[in-house]
Structure formats: C-alpha cells, structure tokens
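Asks: Sharing a structure with you now.
The values are calculated or read from the model by the stated rules, or taken from the named source; none is laboratory data. If you're wondering where the values come from, they're calculated on a predicted model, not measured in any experiment. Cβ atoms come from the backbone with ideal geometry, glycine included; neighbour counts cover every protein chain shown. The area values use the complete protein model at the heavy-atom level, side chains included, leaving out ligands, DNA and RNA. Shrake-Rupley method; radii C 1.70, N 1.55, O 1.52, S 1.80 Å.
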Amino acid sequence: LNLLSSGPPPVPQAAEGDMDTLFFVGAGSLAGALVVGAALVGFMGGRPSRLSKPVVLRMSPARLAARAVLLAALWLMLLSPAVGAVDVIEGVGLGLGLVAGTAGAATMWLAFASRGLHSIFRISREEAWPIHAFFGMLFLAGGSLHGFMFTASMGMDAILAEPAWLVAVPGMALLWASVVPSVMVRLAGLRYDLFKLLHMLAPVGYLFTLAHVLLQLTVSFTPRCAAVAVMSVLGLLGWLWTRTAALATTTSARVARLEVLEDASGKHVVMEFDAPRLEVQPGQWLQMRVPSVGVMGHPFTAYRAQNGSVCMCVKAQGHFTKKLLDANLQDLCVFLEGPYGLPPVLPALQWSQAVFFVVGGVGVTPALSLLPQAAISGHGAHLFWSLRSPKLFEYAKPLLDQHLGCDKCHVQLTGPTAGEESDESSGVVATRTRVAVRDWLPPPPPPPGGPRGG
C-alpha cells in the first residue's frame with residue numbers, strides 16, 4: 001500500500017544519464033552534420049559536384065545523407081526518454097516533446113528575415129522555406145502528440161492543474177491557426193494577404209510553447225530539456241532581432257514613373273522608384289508594401305532601368321496586383337523591405353562556360369538584372385523567353401538589346417493576338433515559331449580529358 005500511494009519509483013541515476021547521452025548523441029550528430037555541410041559548401045564555392053546531382057527521387061547524395069542524419073538524430077531524441085522509464089506512454093510523450101522542441105527551434109532559425117541558418121549553407125530564403133515548413137509541421141505534429149500522450153498518462157484534471165500545460169494549449173491552438181490557412185490558399189482560394197496576416201500568429205503561439213518549456217524546466221530540470229530551452233530562446237531572440245532590423249532598414253520610396261502595358265493577354269504594371277540609397281544586387285527581390293492597397297508586403301524581383309533607377313514589372317493577376325491598377329500610385333510613397341535573395345549567377349560564373357536563362361512571361365525580370373552581370377564577366381549569355389504579351393516584349397527589348405544578339409536568344413510569342421513576327425532588323429527579335437527548350441539548348445560540353453575510355 002505504501003508503494004502504491006507513493007507513486008512510481010524514481011528513475012535511477014544511471015538511467016537518467018543514459019537518457020541524456022542518447023539525446024545529446026542525436027543532437028550532436030545533427031550539429032556535426034551542419035558543420036560538415038557548411039564546410040563542404042565553403043570548400044566547393046559553387047563548383048559543380050557529383051554530390052549535388054540528383055540520383056534517387058530527384059535528391060542528390062548530399063540531400064539524402066542530410067535527411068538520413070536528420071532522421072537518425074530525431075529517432076535518438078525520441079527514444080532517449082524511454083530508457084528506464086516506468087510509464088512507456090509518458091516516456092514516448094516526453095520524447096515527442098524533445099523532438100517538437102528541437103524542430104520548433106529549427107523552424108525559427110529558418111524563418112530569419114535576413115541572415116540565419118540558411119546563410120551558412122549559402123541557400124536563398126526561397127530554398128529555405130520548404131525546410132522551414134518541414135520542421136514546422138514536425139513541430140506541430142510532435143507537440144500535439146506530446147500533449148495527447150501526457151493527457152492519456154496523467155489525465156485531463158492533472159494536466160489542467162499545471163501552469164506549464166495551461167500555456168501549452170493556447171500556444172498549439174495559435175500555431176495550428178497560423179498554418180491551416182496555407183492549405184486554404186491553394187484549395188479554397190484564400191487571399192495571400194489574409195494568409196500572411198494569420199501566419200503572424202505563429203510567433204505568438206511559439207511564445208506560449210516556449211513558456212511551457214521554461215515552466216516545465218522549473219519543475220523537472222534535466223540537461224536535455226535545458227538544451228531544448230536554450231535553442232528555443234535563441235531562435236526566438238534571433239527572429240525578433242532580424243525582424244526588427246528589417247523594419248528599421250525599410251526604405252520609403254516614391255513611384256517616379258508608372259506605366260501600364262495592356263494587350264489581349266493581360267495587363268502588366270511597370271513601376272520605377274525614386275530610391276537613390278537603395279542598393280539592390282542583380283537577382284535580388286524586395287518586399288513591397290503599399291498601405292493604400294494592403295497591410296502586408298508582397299515579393300517582387302527588382303532590376304535596374306536604363307537610367308539606373310530601381311524598377312519592378314508586375315503582372316496584374318492576383319488580388320493585390322489588380323488593386324495596384326486601381327490605385328493611383330504615381331508620386332505615391334511605398335515601402336520597400338530588403339533586398340533579399342542570393343544572386344544566383346555570380347558565385348558560379350568562375351566554374352561556367354556560358355549562362356542560359358530560360359524564362360516565361362513576366363519571369364524575365366530576374367534575367368533583366370542578371371544579363372548585364374553575365375555579359376560583364378565575359379561569359380556568353382543566352383536567353384530563351386516564351387511569353388504571350390507583345391507589349392511586354394516591346395518594353396523589355398531595349399534592355400535586352402544591350403547584351404544580346406539574335407544568335408544568342410529565342411523569344412517566342414504565344415498569345416492569341418501575337419500577330420506577325422517582329423519586323424525589327426537588329427537586336428532581339430520575337431517570333432511565333434515555337435521551339436522546345438531541349439531543342440534550343442546546346443549539347444553539354446565533353447568532360448575534361450575527353451570521353452571516357454578515349
């Protein structure tokens with residue numbers, strides 16, 4: 001009777017040490033993989049490698065190795081509390097909490113506005129978003145199962161009696177409310193502005209879950225829980241610092257020139273900004289926020305006009321871009337946050353013989369800024385551009401003529417009113433002759449040293 005009334009026996013000290021060992025082996029292997037990956041990225045410096053070529057499921061050996069190490073590390077973290085645990089359900093629930101806490105910290109580290117974990121591996125924010133989403137879903141799934149497991153083990157009354165769990169429930173509810181709209185954007189046509197606004201609930205929910213970790217740490221201190229708490233706090237502080245820095249460096253720019261390109265294929269808006277202090281590298285993009293149109297910023301590629309001004313070319317297709325047409329933006333002040341993005345051409349030019357741009361429609365805007373850089377470097381620049389709007393081609397033609405000739409590009413008009421082929425006798429010419437990209441691209445050069453076996 002005394003044994004039953006005193007609760008489960010304490011976990012032996014050796015078993016507690018084994019739990020910490022397994023957790024830190026998993027965390028250490030994950031950290032080691034990050035260090036090795038960063039070292040390889042720095043050593044290769046953009047040079048082509050067999051490690052970066054897809055082999056299985058469109059994944060390269062480097063990505064396969066990284067995912068294998070990640071799964072092994074998370075598995076060790078999940079199993080670590082089960083060593084010597086009296087209640088298996090509670091042990092698995094604690095393991096899920098450790099995995100969720102680690103994944104949540106990684107989610108924040110990959111959500112930095114400027115430099116963050118993605119900067120170590122020289123990947124852009126666009127490439128970091130899928131990884132951010134993966135860890136975010138792991139955080140949500142692991143955290144929810146963590147709560148269900150402890151509820152099944154301890155009972156609802158015991159859960160509600162602890163402050164650590166009282167703050168966890170609204171935290172997970174806010175996190176789910178910030179993520180579910182991302183699915184509705186595709187399935188139900190939810191507006192991008194509304195999704196971005198609801199997604200800002202995620203940091204608030206993360207703050208509640210961090211309070212859960214810290215309160216639980218005061219009740220039962222273990223080195224592994226302390227490590228998760230430190231990673232979580234640093235992730236939140238880093239995110240707050242980068243967001244504050246991004247807002248502090250936002251540029252207020254005046255729309256100096258506005259032009260609407262309209263034909264049967266649609267409408268495009270060309271904006272030229274008066275922002276002499278804004279430094280934008282070729283290939284980078286800006287978050288543009290127009291208070292009179294919407295509260296959230298939208299990403300658009302920036303490029304330089306012939307007079308050196310920062311420009312954007314936007315297709316009026318979505319809710320925000322269509323409202324840009326209705327708003328009188330001439331001489332209006334807008335807010336430009338950034339620039340963001342890693343210029344994709346410059347790091348790889350030293351290992352390249354030529355640069356090929358394959359773009360469609362308004363997607364030509366990155367090429368408008370990167371073509372001059374490729375031409376200055378002495379590499380041959382080539383362009384394949386398929387579009388529907390003749391007006392868009394007429395606007396971009398003077399910018400393309402500076403760096404391209406007819407022999408280095410193929411521009412095909414596919415719109416219903418493309419009309420006759422361009423009658424320009426010099427420079428870039430548009431045609432209605434359709435060519436497949438694979439037929440236009442030249443064959444790859446032979447490997448150094450000649451063909452194998454030769």
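Asks: Run F335 past the list (1) crowded, with 18+ Cβ neighbours inside 10 Å; (2) in a strand (DSSP E or B) and report the number of the one that doesn't hold.
Replies: (1)
Asks: Against the definition (more than 19 Å from the chain's Cα centre (by Cα), free of Cβ contacts under 8 Å to residues at least 40 places away in the same chain and outside any loop (DSSP other than H, G, I, E, B)), how does A158 come out, yes or no?
Replies: Yes.
Asks: Same structure, new question: Go through the stretch 396-413 and give me each residue that's open to solvent by 40 Å² or more (accessible area, probe 1.4 Å) and not acidic (D, E).
Replies: Passing the criteria: P398, Q402, H403, C406, K408.
Asks: Shifting gears a bit: Here is a check on your reading of the model: is V260 hydrophobic (A, V, I, L, M, F, W, C), touching a Cys at 6+ places or on another chain (Cβ under 7 Å), closer than 23 Å to K391 by Cα and outside any loop (DSSP other than H, G, I, E, B)? Write out each step before concluding.
Replies: Working: hydrophobic (A, V, I, L, M, F, W, C): yes; touching a Cys at 6+ places or on another chain (Cβ under 7 Å): no; closer than 23 Å to K391 by Cα: yes; outside any loop (DSSP other than H, G, I, E, B): yes.
Taking the combined requirement at face value, the residue does not satisfy it.
Yes/no per residue for (1) among the hydrophobic types (A, V, I, L, M, F, W, C); (2) at pLDDT below 85:
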residue	(1), (2)
A245	yes, yes
T249	no, yes
A253	yes, no
A256	yes, no
E259	no, no
E262	no, no
K267	no, no
M288	yes, no
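Asks: Ok, one more. V364 fails exactly one of the following numbered conditions: (1) at pLDDT 80 or above; (2) open to solvent by 20 Å² or more (accessible area, probe 1.4 Å); (3) within 30 Å of F195 (Cα to Cα); (4) not polar (S, T, N, Q). What is the number of that condition?
Replies: All conditions pass for V364, except number (2).
Asks: Take the stretch 195-247 and flag every residue that is assigned to a helix (DSSP H, G or I), β-branched (V, I, T) and in contact (Cβ under 8 Å) with a residue 40 or more places away in the chain.
Replies: Across the stretch 195-247, the qualifying residues are T209, V213, V219, V228, T242.
Asks: Same structure, new question: Only one of Q330, Q317, Q306 is modelled with pLDDT of 80 or more, surrounded by fewer than 18 Cβ atoms within 10 Å (Cβ to Cβ) and part of a loop (DSSP other than H, G, I, E, B); which?
Replies: Q317
Asks: Checking the conditions here, which among A141, A152, A133 is at pLDDT 80 or above, part of a helix (DSSP H, G or I) and over 25 Å from the mean Cα position of the chain (by Cα)?
Replies: Among A141, A152, A133, only A152 is at pLDDT 80 or above, part of a helix (DSSP H, G or I) and over 25 Å from the mean Cα position of the chain (by Cα).
Asks: Something else now. Regarding T244, is this residue closer than 25 Å to M108 by Cα, of a type outside the set (F, W, Y) and open to solvent by 60 Å² or more (accessible area, probe 1.4 Å)?
Replies: yes
Asks: Condition first: surrounded by fewer than 18 Cβ atoms within 10 Å (Cβ to Cβ) and of a type in the set (A, V, I, L, M). Now tell me which residues in the stretch 211-228 satisfy that.
Replies: A211, L214, L215, L217, V219, A226
Asks: If you go through the stretch 387-395 one residue at a time, do you hit one that is surrounded by 12 or more Cβ atoms within 10 Å (Cβ to Cβ), at pLDDT below 80, in contact with a Leu (Cβ under 7 Å, 6 or more places away or on another chain) and not aliphatic (A, V, I, L, M)?
Replies: no
Asks: In addition: Could you tell me which residue of the stretch 265-291 is farthest from L387 (Cα to Cα), considering only residues that are open to solvent by 40 Å² or more (accessible area, probe 1.4 Å) and in contact with a helix residue (DSSP H, G or I) (Cβ under 9 Å, 6 or more places away or on another chain)?
Replies: The extreme case among them is Q281.
Asks: Given V183, V179, V167, which one is part of a helix (DSSP H, G or I) and modelled with pLDDT under 85? Step through it out loud before you land on a result.
Replies: Details: V179 fails: modelled with pLDDT under 85; V167 fails: modelled with pLDDT under 85.
Testing whether each residue is part of a helix (DSSP H, G or I) and modelled with pLDDT under 85 leaves just V183.
Asks: In the stretch 280-303, how many residues are assigned to a loop (DSSP other than H, G, I, E, B) and closer than 21 Å to G363 by Cβ?
Replies: Residues meeting the conditions: 7.
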